[in-house]
């Protein structure tokens, strides 16, 4: 899982760099990963690993991320929270996906709303996996991924158990 965390940090920093080129925004320090990890609560019926995370600085770019894996039988669920430090341009690519929908025999991608926050769901029928991405207060990117699954209903239930309103309040 450490490789996943490092890869996610590198990819997230790349998104931040790309976003910074698109617009100049007010920068604030991201919430420390330990505070984000505190939102990755135990889920009833699931065995959860210990949360992992990092707060990383690269030049003027700072990012925090917390990740936790859960298991229930053969089902594996990963929840990740990324804080780009109130850097809205960092999520420009995500925002573009909010208006993208596709329904094929291989996958379904469409908009969703969970606890009032906009998101994207993707179901990959061929790989029996699903993912929800939620953007909370234009600052926190919450990703819930599961495998093997045939739909995103269980992931939506899990995302509904997260205290997204508390997460949003951390960014104020």
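The values are calculated or read from the model by the stated rules, or taken from the named source; none is laboratory data. What you see is a predicted model; the values in this text were computed from it and never measured. Cβ atoms come from the backbone with ideal geometry, glycine included; neighbour counts cover every protein chain shown.
Regarding the range 155-171, can at least one residue be identified that is over 14 Å from the mean Cα position of the chain (by Cα) and without any contact (Cβ under 8 Å) to a residue 40 or more places away in the chain? The answer is yes; a qualifying residue exists.
Here residue 100 passes the criteria (1) in a loop (DSSP other than H, G, I, E, B); (2) modelled with pLDDT of 85 or more except the one numbered (2).
Within the range 125-144, the set of residues being surrounded by fewer than 21 Cβ atoms within 10 Å (Cβ to Cβ) and modelled with pLDDT under 90 comprises 137, 138.
Checked against (1) closer than 14 Å to residue 76 by Cα; (2) outside any strand (DSSP E or B), residue 145 passes all but a single condition, namely (2). Could you list all residues from the range 119-133 that are within 14 Å of residue 77 (Cα to Cα) and over 17 Å from the mean Cα position of the chain (by Cα)? If the condition is that a residue be within 14 Å of residue 77 (Cα to Cα) and over 17 Å from the mean Cα position of the chain (by Cα), then 128 is the only one that fits.
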